[in-house]
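The next block holds one structure in the form of structure tokens; read it before the comments.
The values are calculated or read from the model by the stated rules, or taken from the named source; none is laboratory data. None of these values were measured; they are calculated from a predicted model. Ideal geometry is used to build each Cβ from the backbone, glycine not excepted, and the neighbour counts take in all protein chains shown.
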Amino acid sequence: MWHPWKRRIAQLQARVEQLAEQRDNARRELAESRATIVRLAGRNSRLTELLEVAQEAAQDGALDEMGRRLDRALRACARYRAEAAEDRAAAMTAHQRMKQALAELDLARVTGRTDLIRRLDLAERARRSLAEQLATVQAANDAMCRERVPTTRSRIVPKPSEVTR
């Protein structure tokens, strides 16, 4: 026979188990929170250091000089790209002429005109030479652009993602 006090003891034991589970969950969450706090504290200190370095660099004028250098590099790169676009347009014009010449060459072969065949053959050789020169100029432009614009940023200036507002 169940006595009321046995039922009450069972209820209390269930409540104790429930509270123990809640305690364990709270301890896990606390441990996760502490780990997050430690990680964020390290991150904040690193960002503070970077901010101080950036502020010192700004006071020294290093950022202004870097900005001027970057502007010069971007202008040079824009010039190189404009030259490359002009060269590309000239190559496209030469390509169109070459296509016309090949069509005329095919027609001349069909009709047997050797003088036209010789002239068009010379034009084809000139086109190949121009294509090689264009490839050389484009490679040089690309190399100059890569030289002018550094691929890595100086560690004096933090990345935008490293600075919080």
Original post:
For GLU49, are the conditions met, namely being outside the structural domain of ILE117 (by TED's automatic domain parsing) and either surrounded by 12 or more Cβ atoms within 10 Å (Cβ to Cβ) or in a helix (DSSP H, G or I) (or both)?
Top reply: yes
Subject >> Where a residue in region 49-71 is farther than 27 Å from CYS145 by Cβ and its partner, wherever it lies, is among the small types (Gly, Ala, Ser) and surrounded by 12 or more Cβ atoms within 10 Å (Cβ to Cβ), with Cβ under 9 Å and at least six apart >> reply: GLU56/ALA62
**OP:** Mind listing whichever residues of region 101-151 are under 30 Å from MET66 (Cα atoms) and either at pLDDT 80 or above or of a type in the set (Asp, Glu) (or both)?
**Re:** VAL137, GLN138, ALA139, ALA140, ASP142, GLU147
Original post:
Could we say that ARG69 is at pLDDT 80 or above, in a helix (DSSP H, G or I) and not assigned by TED's automatic domain parsing to the domain that holds THR136 here?
Top reply: yes
**OP:** Please tell me if ALA94 is within 35 Å of the chain's Cα centre (by Cα), under 18 Å from ARG127 (Cα atoms) and loosely packed, with under 11 Cβ neighbours inside 10 Å.
**Re:** no
